[in-house]
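Asks: Here you go, one structure.
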Amino acid sequence: MAQPRKVRIGYADKLREIEIQVPENEPAIWDAGAKLKVVGTAVPRLDGGAKVTGEARYTHDVNLPGMLYGRILRSPHPHSRLLSVDAGRAAKLPGVKAVLTFERPDSFAALGETDDSGRPVDDAAKSEAKAGGTRRLLYAGEEVAAVAATTPETAEDAIRLIEARYEVLPHVVSLELARKPDAPRVFPDHPNANPPAVRKRGDVEAGFREAEVTVEGTYTTPVALHNALETHGAVARWENGKLSVWASTQGVFGFRDDLAKFFKIPSGDVRVVTEYLGGGFGAKFGAGVCGVIAAMLAKKAQAPVKLMLDRQEENLATGNRPSSVQWIKIGAKRDGALTALHLRSHGSGGIAGGAGVGGPAWMSYACPNVLIEEQDVLTNAGPAMPFRAPGFPQGSFALESTLDDLADRLGLDPLDLRRRNYIDAPTKALHLEYDLAAKAIGWERRRAKPGPGATPGGSVRRGLGMGTAMWPMYGGPPTDATVTLHSDGTVECICGTQDIGGGTRTAMAMVTAEVLGLRPDQVRVILGDTASKMYSPASGGSVTLTSILPAVRSAAEGARERLVKAAAPALGARSDELELRDGRVRTKGGTKSLTFAEAAARLKTTVISAQASRAENYKGTGAESYGAQFAEVEVDTETGQVKVVKIVAAHDCGRTINRLTAESQVNGGVIMGLSYALLEERVVDDPTGIVLNANLENYKIAGTLEMPEIVPIMVEVSDPANNVGVKGLGEPPIVPTAAAIANAVSNAIGARVRDLPITPARVLTLLVGKKEA
Ligand code: MOS
């Protein structure tokens, strides 16, 4: 049953009270009026010390007695039939304890039904298996065989002794070649170019007729690789038919369920543990082939097996951000009001879909007539996986660049053009974010025409550019959490969720501490373990804190209730006359108090547990998270080198839980977005179909030398769809970074950047083209 509650929503001095329907048993909502002591402050990660000293145990650090090392043999051909695999010599190598070969077409078909990789491979695989056919391998890097041995070196030697025979088939890895009707097909029963997905509102043709100005352009973005610091991998152990896995995953429960289905055992017989995770960024949702092989090897060898991928395998087979080619046309009135937007894109995520880029064009600005056509193109390359704000950095780059072109044509300031097409909402603080970020970057210094850099007279030109971030609210139930109080005063907060790296542990401790009147370091957090039975969704879609903290809060409130009840008689007060503050249980306004431990000692048992489940999102609240990023660059017109000098990133995520980790999340998005803008590109060789830079030497990632000054600005917004009032922040900060940098570069050189990454060669080509034009 829902109950009406009044909440204050909005931001800064724009607050208003509304009435919403809230599920019963929800505690008082932490809205704009809530006075909090811990939540909202800057708390250093509780596990920061463990991380920097190496004490923190990542999957890579898990070593079990009698553990073997797994290694995978991968196909060297971009498209082939696996005719036979002879692992006889490998099996005889001393130290080799298990060998698996994957000739069957349906070797991983059961996984394809369960994981979310989007591989359209499995029906074909199953029918081919039924027909007694050989297995087709669809990209260079697909799994052919695996071994487990007593040392990593022996495993590597064994892999080299396996003789696989392939019939090499015609391949296609180029996005444009794959679309041609006579191109080799990735799937025989399926054209490479899927019919476009179409979404529209209004009448785009009428919108262009209404337009007084139109601008258009074609933009391209490369395939980018996730490159989480920790590669994919797992340590698997079977005991009495039950499977335990330590895994590098952003979803322990999904990983568990994938394994349970693959091995056809109850999910209760699988335990997945992720104490610490070295990043995931969307590529580590399920068990995947790698997780399954680890468990298969452990089963066959009857010993624990560690299987961690190396960087090359990681960058061939575990996911990527699809490429895009985007043609975009925008029509507007002379005052800048958008009348029509048409986006037509195609891109490739290899053997998987997910190349759509239309999110920003669809949602960012007011435009009555929008047509978006997005096409996935299949190629013989590793499957795409979700990657931090899937589709959004690509789409934002094309959209925001075109808007800057439009501003130039209209003689408008680019920021004014954005404001002109603003979609207003009571909980949308974007105007404020524009103000704050524009001020912090010194937007008034932006010149419409290229001008000198910091060193007047040199070849350096300075430019400023901006872009808008938005990300829908995805968090919700189911999530469960437990807070336990021990009679010695120890407090535990338990949720099965994994800390992908954003500081989940610390946030859980902060919310628990807030409710119980403690410091965050007085709360022990237990997470990353399906055996906790406290369900959490995967850490993806910017949902982690949004999903788990409301359950944590409710559990903590339950524990609090039990504690004050136990303490009340000793304080001669009713429990509703007590408050928890500064580690004590006190009478409100009175003088009597007990320490937390003294109160806990009065619990009539050694431990009490309060469990809670997350309620449904409150209707009518919880809109998108927003942000605005402004970049300042210097471009050397002699070398083409782009130096990003400064990025200001103003963002909101509802209630900021931990100011420090929130800023860190923003910094991380900016760093990743900068790297994408300037450096990253997976290169696949057309004739051979081989990825040329599946490593970190030739696949460039921004390092400290490329880092600008980053100024994160958190804007507090009250828009509570849950009792804590938190919204997502993991993804928004990567959305507009490349766009803001590209706009700044275009501003600096007076020519429109249309292709990422913005390499020196591209900048010089643009400058030459400008002279000739
Ligand atoms: Mo993210 S791409 O939802 O991990």
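Each value in this text was obtained by applying a stated rule to the coordinates, not by laboratory testing. Quick caveat: nothing in here was measured; it's all calculated off a predicted structure. Methodologically, a virtual Cβ is constructed for each residue, glycine included, from the backbone with ideal geometry; neighbour enumeration extends over all protein chains shown.
Asks: So if each residue of separation counts as 0.36 nm, and I subtract the Cα-Cα distance between ARG574 and THR220, what length gain in nm does that give?
Replies: Net length gain for the segment: 120.8 nm.
Asks: Run the quick spin-label model on VAL198 and LYS333: label points 7 Å from Cα toward the beta carbon, then report their separation in nm to one decimal.
Replies: About 2.9 nm, to one decimal.
Asks: A further question on this structure: HIS431 to ARG57: extension gain in nm, 0.36 nm per residue of separation minus the Cα-Cα distance?
Replies: Numbers: separation 374, 0.36 × 374 = 134.64 nm, distance 4.32 nm.
So the extension gain works out to 130.3 nm.
Asks: Report the full-extension gain for the segment ALA2 to GLU212: residue separation times 0.36 nm, less the Cα-Cα distance, to one decimal in nm.
Replies: This chain segment gains 70.6 nm when fully extended.
Asks: Between the alpha-carbon centers of the range 694-773 and the range 499-541, tell me the distance in whole angstrom.
Replies: Their Cα centres are 31 Å away from one another.
Asks: Mark the label point 7 Å from the Cα of GLU205 along Cα→Cβ and return the residues of the range 331-364 whose backbone N is within less than 19 Å of it.
Replies: The answer is 331-332, 339-344.
Asks: Also: ³J(HN,Hα) across the range 51-68 via Karplus (A = 6.51, B = -1.76, C = 1.60, θ = phi - 60°), whole Hz, x for Gly/Pro?
Replies: My calculation for the range 51-68 gives 6, 7, 8, x, 5, 5, 9, 7, 3, 4, 8, 7, 10, 10, x, x, 6, 9 Hz in order.
Asks: Something else: May I ask for the distance between the Cα centers of the range 258-286 and the range 611-678, given as a whole number of Å?
Replies: Each part reduced to its Cα centre gives a spacing of 29 Å.
Asks: Rounded, prolate or oblate: pick one for the chain, where a ≥ b ≥ c are the square roots of the eigenvalues of its C-alpha gyration tensor, a/c under 1.5 means rounded, and failing that, prolate if a/b is larger than b/c, else oblate.
Replies: oblate
Asks: Among rounded, prolate and oblate, which fits the range 53-114 when a ≥ b ≥ c are the square roots of the eigenvalues of its C-alpha gyration tensor, a/c under 1.5 means rounded, and a/b larger than b/c means prolate?
Replies: It comes out oblate by the Cα gyration axes.
Asks: Does the range 685-734 classify as rounded, prolate or oblate by the C-alpha gyration tensor (a ≥ b ≥ c root eigenvalues; a/c under 1.5 gives rounded; else a/b over b/c gives prolate, otherwise oblate)?
Replies: oblate
Asks: On alpha carbon coordinates alone, what is the Rg over Rh value for the range 498-628, Rh being the Kirkwood radius?
Replies: 1.03
Asks: Where Rh is the Kirkwood radius over the Cα pairs of the range 200-332, the temperature 37 °C and the viscosity 0.692 mPa s, what D in µm²/s does Stokes-Einstein return?
Replies: D, rounded to a whole number, is 188 µm²/s.
Asks: Among HIS651, HIS342, what is the fewest-to-most ranking by other Cβ atoms within 10 Å?
Replies: HIS342, HIS651
Asks: First measure r as the distance between the Cβ atoms of ARG659 and ARG445, then evaluate 1/(1 + (r/R0)^6) with R0 = 30 Å and state the FRET efficiency to the nearest 0.05.
Replies: My answer for the efficiency is 0.55.
Asks: I've got another one for you. Based on DSSP, what percent of beta bridges with both residues in the range 452-578 are antiparallel, to the nearest 5?
Replies: For the range 452-578, the DSSP antiparallel bridge percentage is about 55.
Asks: I've got another one for you. What does the convex hull of the Cα atoms of the range 1-72 come to per residue, in Å³, rounded to a whole number? Working shown, then result.
Replies: Details: hull volume 19.7 nm³, N = 72.
So the per-residue hull volume is 274 Å³.
Asks: Sticking with this structure for a sec: Using Cα-Cα distances under 8 Å and only pairs 6 or more residues apart, what relative contact order does the range 533-687 have, in percent?
Replies: Worked out over the range 533-687, it gives 15 percent.
Asks: Related question: Chymotrypsin sites (Phe, Trp or Tyr not before Pro) within the range 180-288: which are DSSP loop residues with at most 16 other Cβ atoms inside 10 Å? Kindly include the intermediate steps, with their values, before the conclusion.
Replies: Values: sites: PHE208, TYR219, TRP238, TRP246, PHE253, PHE255, PHE262, PHE263, TYR276, PHE281, PHE285; in loops: PHE281, PHE285.
Filter output for the range 180-288: empty list.
Asks: What list of whole percents do you get for P(r) of the range 632-764, with Cα-Cα distances grouped in 5 Å bins up to the one holding the largest distance?
Replies: Binned Cα distances yield the sequence 2, 10, 17, 18, 15, 13, 10, 7, 4, 2, 1, 0.
Asks: Which residues in the range 493-527 have a backbone N closer than 15 Å to a point placed 7 Å from the Cα of ALA50 along the Cα-to-Cβ line?
Replies: Residues passing the 15 Å test: 493-510, 521-527.
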